[in-house]
Every structure is written in C-alpha cells, then in structure tokens.
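Reading through the structure tokens given below for one structure.
The values are calculated or read from the model by the stated rules, or taken from the named source; none is laboratory data. Given the structure is predicted, the values throughout are model-derived calculations rather than measurements. With ideal geometry, Cβ positions are generated from the backbone for all residues, glycine too; neighbour counts draw on all protein chains shown. Note: accessible area is taken over every heavy atom of the protein model, side chains too, but ligands, DNA and RNA are not part of it. Shrake-Rupley method; radii C 1.70, N 1.55, O 1.52, S 1.80 Å.
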Amino acid sequence: MTHFSDPSYSVQHTSGIEISRSAFLSNVAFVRQILGPGVKLSAVVKGNAYGHGLEQIAELCQDADIVHLSVFSAQEAQRILKVRRKPLTIMILGMIDNRDLPWAIAHDIEFFVFERDRLNAAVEAARQLGKKARIHLEVETGMNRTGFDEEELEEVLNLLKKQPEELELVSLCTHFAGAEEMANYLRIRQQLETYNRLYDKVTEAGLQPPLRHTACSAASLNYPETRMDLVRIGIMLYGFWPNLETRIMYMRHNPEQPDPLRRLICWKSRILSIKKVKMGEYIGYGNSYLASKDMVIATVPVGYAYGFSRSLSNVGRVLVHGERVAVVGVVNMNLIMINVTEIRQIRKDDEVVLIGSQGNKNISVSSFSEMSQQLNYEMLSRLPADIPRTITD
Ligand SMILES: *Cc1c(COP(=O)(O)O)cnc(C)c1O
C-alpha cells in the first residue's frame, strides 16, 4: 500500500470510468469482418477517444494490432507518442499549427493538408529538416468544411510535382456530410462522384497517392464503395452505431444476428451519504421535487461539472443494487440526489452506475443522452478528461 507521505499518493476520485478490453476487441473483429482483408483500418481516437481515454484506447488498439490511428490535433498525436510501443501510423485530421510541422515531420506523423498555407509551411519545414512531409491531400467534395476546392487543385498538384523531395503524397481524401442518414443519399452520391473525378485529375497529373480514403463508420456501412483503401472508424469501435437509422438498416440486412456491437464504457460512482426525507418536504434547490411520501435519498458525488448534465434533473436514472432508481431534484454542480426508498440495506459507499451495467440492468449512453437530448458523440466526448479511466476485461 502506498503511504500517504509518498508524493505519488492519490486520493479517491468522485467517479471512475471502466473500459472493457473484450468489448473493444469484439468491436474491432466485427469492423474487420465487414471490411474484409483489402481495406486498412484507421482507429479514430479524437475527442479523448470519444471520451473513453486516449491513452487507454491507444493501448487497446495496439493489443488489437491496429497500426493506424487518426487524431484531430497535434496535441493528441503527442499523447499517443508517449504510449506507443509498436509501429503506429498517426494521422492528424485537423489542427496542427504551422510551427509544429517540423515536430510532426521529425516524428513521422502524417497530417491532412487542406489549404495552401499549410502546404507551403510543410514544404519549408521538410526542406529545413531534409525529410519528407507525409501528407494527406483533403479535397472539398460537398461538405464545405475543409478541403481544397477543385479550382485550386491544379496549382496544388503542380507544387506537389515540383517538390518530390519535400512532399510525399500519401493519400487523396475527403469526408462525407452525414452518411448516417438516408435523407442525405443524393448529397453523398454527389460527393463520391466528385471525389472520383478529382482522383482521376490527380492521377492524370502523374501523381499516384498510394491510399484513397473517404469513409467514416456510417459511410463504411451504408456505402461499401466508399471504403477504398482505408477507412477512418470511430464510433463503432466504441460500440455505438452512428445513429439509429444505420443500426436498423444493418439489422434488417442481417436478421439472424444479434446486435454485434458492444459498449466499452461503464461510468461508476459511490454513494456519498444517505438521509430520510419526510412527506411534504422539497428536495434540493428550489421546488422542483416535492416528496409525496416519506423517502430515503442518497447523494452521489457527480454533477454537471463532471458531465452529468443538468437536463437530467428529475428525469435521469442510475443503477444501485442492480435496480434502476431516479434522480430527484435538480442536478447540482458536484452532486445528484437519487431516490433509494425502495432499496433495502442501502449503505454509504455502495456502487452507483451512471452509464453501463449492474446486475442485469443497464443504463445506455443513448438512454442517458436521449434523456438529456445529446447525441452519443457529444455526450461521450464531454465526459471530463480528469475522471480516471481503467481498462477491465
Ligand atoms: C470523426 C471523423 C471520422 C470518424 O467518424 P465516425 O462516425 O466516428 O466513424 C472519420 N473521418 C473524419 C474526418 C472525422 O472527423
């Protein structure tokens, strides 16, 4: 046991997140089975690995022999370098300051290029280092977020051809604007057409990017032809469908199978304190909850400061002793109150599951986020980074 005078002594946290290794490996196997052998898998670990913990997921990716990781920012790339123990390609999809390009190039970190400013800076950084920048050329195909416009392409390709010592074109890539919704079918089709046309322009210009990649989870499922050489898969690795529609479409075409995706995440806290409340008393701030009978209330040390949204006031559910119980009153900054009147022998320190399973009951992220009107993506990535994550089997 660590003695408290030890500087590394760490006090107990108010909650913790457990990440299931077996669920992750099972999701990876499912994704690989869908992709087949010819398509590379890049695990998207941006947003602190969708809230699961970047270091923990990078660890599990390496266990699963995933050799390609996609991050949003240079900072996330730097965090991965610290836990890398096998050859891993790191690809930055979004933010890297020009000042950090020499660092990225020196560490073999690849990055999207979607504007001239970064392209020019990459040439300069590569020249000074005497080492090629490995770049992914992102083209605008209709999302109108980032990507070179078609009119700019010729000039960019000319530059690439002039600077073979500085620039290595790893891929031509793009991103779809909502492949999870069939309502966007036409727009996605047009994006794909545009991408293919631009790809032809690149090859006609005499450049041969070894990789073509366009697909996220939803595109990989709904539009198999978007898989190409590599797919960038995020949400499915964490056990979620991009949206309900995608899940329904998949299940309709595979009626024999149970849902193949498994959640990794279990967010737990413990009961801080218990008290009795008499009928006719209000509970918590204000008057949003009036006890309609004598009640037993437990406080749990999580609140909106920890990602437990205020919109779960009076509607959230958590698990205690394997039972679903209600949040009563408003969610505070650091506390919630839950109704444990029906739970026998409730004690301080008893485990409370905020998301995940306990016994045979479950609080899913989607039920959690539906109650609070948040998308899975948003709810997960908002889980505070300072809640400790641990990997379990
Ligand atoms: C986030 C992101 C992905 C992954 O999307 P999922 O829906 O989580 O699979 C892929 N590509 C880009 C450019 C992204 O920003």
Subject >> Choice from Glu152, Glu256, Glu281 with maximal GNM fluctuation in the chain (Cα, 10 Å cutoff) >> reply: Glu256
**OP:** Kindly provide the Kirkwood hydrodynamic radius of the chain in Å, to one decimal, from all pairs of distinct alpha carbon atoms.
**Re:** 23.3 Å
Original post:
To the nearest 10 square angstrom, how much accessible area does Asp97 have with a 1.4 angstrom probe?
Top reply: 50 Å²
Original post:
With every protein chain left in place, what is the accessible area per residue of region 144-196 in square angstrom, probe 1.4 Å?
Top reply: 53 Å²
Original post:
If you average 1/r over every pair of different alpha-carbon atoms in region 178-314 and take one over that average, what Kirkwood value in Å do you get?
Top reply: 20.0 Å
**OP:** Within region 7-110, list the trypsin sites (Lys or Arg not before Pro) lying in a DSSP loop whose Cβ has at most 11 other Cβ atoms in a 10 Å radius.
**Re:** Arg85
Original post:
Of all the accessible heavy-atom surface of the chain, with the other protein chains kept in place and a 1.4 Å probe, what percent is carbon and sulfur?
Top reply: 49 percent
Original post:
region 117-159: D in µm²/s via Stokes-Einstein (Kirkwood Rh, Cα pairs, 37 °C, 0.692 mPa s)?
Top reply: 285 µm²/s
**OP:** Enumerate the calculated ³J(HN,Hα) couplings along region 190-207 in order (Karplus 6.51 cos²θ - 1.76 cosθ + 1.60, θ = phi - 60°), each rounded to whole Hz, writing x wherever the residue is Gly or Pro.
**Re:** 5, 4, 5, 4, 4, 4, 4, 5, 5, 4, 4, 4, 5, 5, 5, 6, x, 9
Subject >> Rounded Å value of the spacing that divides the Cα centres of region 335-355 and region 377-393 >> reply: 21 Å
Original post:
If you find the alpha carbon centre of region 217-269 and of region 74-114, how far apart are they in angstrom?
Top reply: 27 Å
Subject >> Cut-off of 10 Å, at most 15 other beta carbons, DSSP loop: longest stretch of the chain lacking such chymotrypsin sites (Phe, Trp or Tyr not before Pro) >> reply: 10-284
Subject >> Only Lys, Arg (+1) and Asp, Glu (-1) charged, at Cβ; region 119-237 dipole about Cα centre in debye >> reply: 420 debye
**OP:** Counting only heavy atoms of the protein chains, get the accessible area per residue of region 249-361 (1.4 Å probe) and round it to a whole Å² value.
**Re:** 55 Å²
Original post:
Which trypsin sites (Lys or Arg not before Pro) does region 255-361 hold that lie in a coil by DSSP with at most 12 other beta carbons within 10 Å?
Top reply: Lys278, Lys293, Arg344, Arg347, Lys348
Original post:
Out of residues 5 or more away from Glu281 or on other chains, whose amide H comes under 5 Å of its own, with H placed 1.01 Å from N in the peptide plane?
Top reply: Ala291
Original post:
With each label point set 7 Å from Cα along the Cα-Cβ vector, what nm distance links Glu204 and Glu150?
Top reply: 1.1 nm
Subject >> Chain lengthening between Asn254 and Arg324 when straightened (0.36 nm per residue, less Cα-Cα) >> reply: 22.0 nm
Subject >> Most mobile listed residue (Gly51, Gly356, Gly206) in the chain, GNM with C-alpha springs under 10 Å >> reply: Gly206
Original post:
Pick from Ser288, Ser309, Ser217: which residue has the top mean-square fluctuation in a GNM of the chain where Cα pairs under 10 Å get a spring?
Top reply: Ser288
Original post:
Mean residue ellipticity at 222 nm from the helices of the chain, using -39,500 (n - 2.57) per DSSP H segment of n ≥ 4 over the full residue count, to the nearest 500 deg cm²/dmol?
Top reply: -9000 deg cm²/dmol
Subject >> Semi-axis lengths (Å, descending) of the ellipsoid that matches the C-alpha gyration tensor of region 1-96 >> reply: 29, 17, 12
